[in-house]
């Protein structure tokens, strides 16, 4: 069976001793402590399935395991995704059957409400709470904070190819209540229902796409325009240039996308990818012996790799010698006394010999931060620079320093999030950030 989106799981990170937390043994569950280190066992986005079908208007949704979804309250709602739709909810209940999420608001953050069938997957989006609310002292001077989480391919055999990451942009899907053409400065389209929902200029430099009704072109590219101005008091979008297929009217449907991943207009969200060799090995090591099913590096124990849990579940790839075939081999055991590493399967030909160079991939990061305002060493080693990519066309590949763009089964990488809050603003609330992971099968 081919890999599915539900196979790619996201976890909080945390500190660990001697690699015990390497494969998620530590249940570190505090988002404010998700500051790099190792993958914890706390999954950010728990999933269940719908126990019954729902219409596009239902505000109570029955699920197979409501405990898999994050808790919520009227003051602090949680979020979940069903297919392409995002919903918010204010409570969980187990009073009937397998459980319900209640107080559901459909189609939030521009994700249009739709009907869903029994068995459809619903996934919690607790990454909404990765950052805390902005304190008054932070607001007075401006604030920059970081969070780090791990992304793991949990499929037992299949690879996710060409993996990329982008931040899901804030979208508004609307029905025009007014539109006009202006040959001097561009056309306009308005939706009065959006008034008060976003700040002035929130959608500036974003895009607007005509999806139906008047103004729709048979040429898909002609339906997408750059937004030069957004006026909150009237819900009006101003485009660059003129309409390509006549002026829209009240029959026109459209989608506006901001170049922002957070609805907080005073916040800038960006991210970086970390994916690397074991950093204590400086990217590669030298074998002191080996064979067709194992490799020995007798220097490993003396260099601090003293737990039998080290390396297990990671992958070793030979860089020189008879065992080179370009395919990482999964590590099944490590002898912390002799430095012997056993693999599942075989190296090609005679395998490993003394003097062969090797690298171990999928390891814990050592770019730990000491606090939420301390940056990891961006752009150094196997950590990319930060980007604000908000579409798959701009998405950042996980191929950092030529490690590879594919994510094999049981392999992970890290995503660093950076939140920058403008000083002296009126917005103190949390940021709703939704990293999107793209891959091919």
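FYI, it's all coordinate maths here, none of it is from the lab. These figures come from a predicted structure and were not determined experimentally. For neighbour counting, all protein chains shown are included, and Cβ atoms are generated from backbone atoms with ideal geometry for every residue, glycine included.
Separation of the range 205-220 and the range 324-353 by C-alpha centroid, Å?
Spelled out, the Cα-based centre of one part sits 55 Å from the other.
Would you compute, for the Cα atoms of the chain, the largest minus smallest coordinate along each principal axis and list the three values in descending order, in whole Å?
The principal-axis extents, from largest down, are 75, 56, 49 Å.
If N is the number of residues in the range 113-204, what value comes out of its Cα radius of gyration divided by 2.2 N^0.38 Å? Walk me through the intermediate numbers first.
Numbers: Rg = 20.7 Å, N = 92, 2.2 N^0.38 = 12.3 Å.
My calculation over the Cα atoms of the range 113-204 gives 1.69.
Once all Cα-Cα distances of the range 181-332 are split into 10 Å bins that start at 0, what whole-number percent is in each one?
Spelled out per bin, shortest first, that is 9, 27, 14, 6, 10, 19, 13, 2.
Apply 1/(1 + (r/R0)^6) to the Cβ-Cβ distance of residue 349 and residue 399, taking R0 = 30 Å, and write down the FRET efficiency to the nearest 0.05.
Values: r = 28 Å, r/R0 = 0.93.
According to the calculation, E is roughly 0.60.
On alpha-carbon atoms, Rg over Rh for the range 171-259 using Kirkwood Rh? Mind showing how you got there, number by number?
Working: Rg = 11.4 Å, Rh = 12.4 Å.
Ratio of gyration radius to Kirkwood radius: 0.92.
Per the Kirkwood formula on distinct C-alpha pairs, the Rh of the range 284-361 is how many angstrom?
Working: mean 1/r = 0.0844 Å⁻¹.
Answer for the range 284-361: a Kirkwood hydrodynamic radius of 11.8 Å.
At what distance in nm do the modelled label points of residue 327 and residue 157 sit from each other, each positioned 7 Å from its Cα along Cα→Cβ?
Between residue 327 and residue 157, the simple spin-label model gives 1.4 nm.
By average Cβ neighbour count within 10 Å, what is the ranking of 62-72, 300-310 from highest down?
On the way: 62-72: 18.5, 300-310: 16.5.
Sorting 62-72, 300-310 by mean packing, highest first, produces 62-72, 300-310.
Sorting check: for 131-137, 146-152, which peptide has the highest mean count of neighbouring beta carbons within 10 Å, and how do the rest follow? Don't skip to the end; give the middle numbers.
Values: 131-137: 14.1, 146-152: 23.6.
Highest-to-lowest ranking by the protection proxy: 146-152, 131-137.
Full extension from residue 374 to residue 335: what is 0.36 nm times the residue separation minus their Cα-Cα distance, to one decimal in nm? Working shown, then result.
Numbers: separation 39, 0.36 × 39 = 14.04 nm, distance 3.58 nm.
Going from the current span to full extension adds 10.5 nm.
With each label point set 7 Å from Cα along the Cα-Cβ vector, what nm distance links residue 217 and residue 195?
According to this spin-label approximation, the distance is 3.1 nm.
So what's the back-of-envelope 222 nm ellipticity for the chain, counting only DSSP H runs of four-plus at -39500 (n - 2.57) apiece and dividing by all residues, rounded to 500? It would help to have the intermediate numbers written out before the result.
Numbers: 1 runs with 6 residues, N = 441.
Helix contribution divided over all residues of the chain: -500 deg cm²/dmol.
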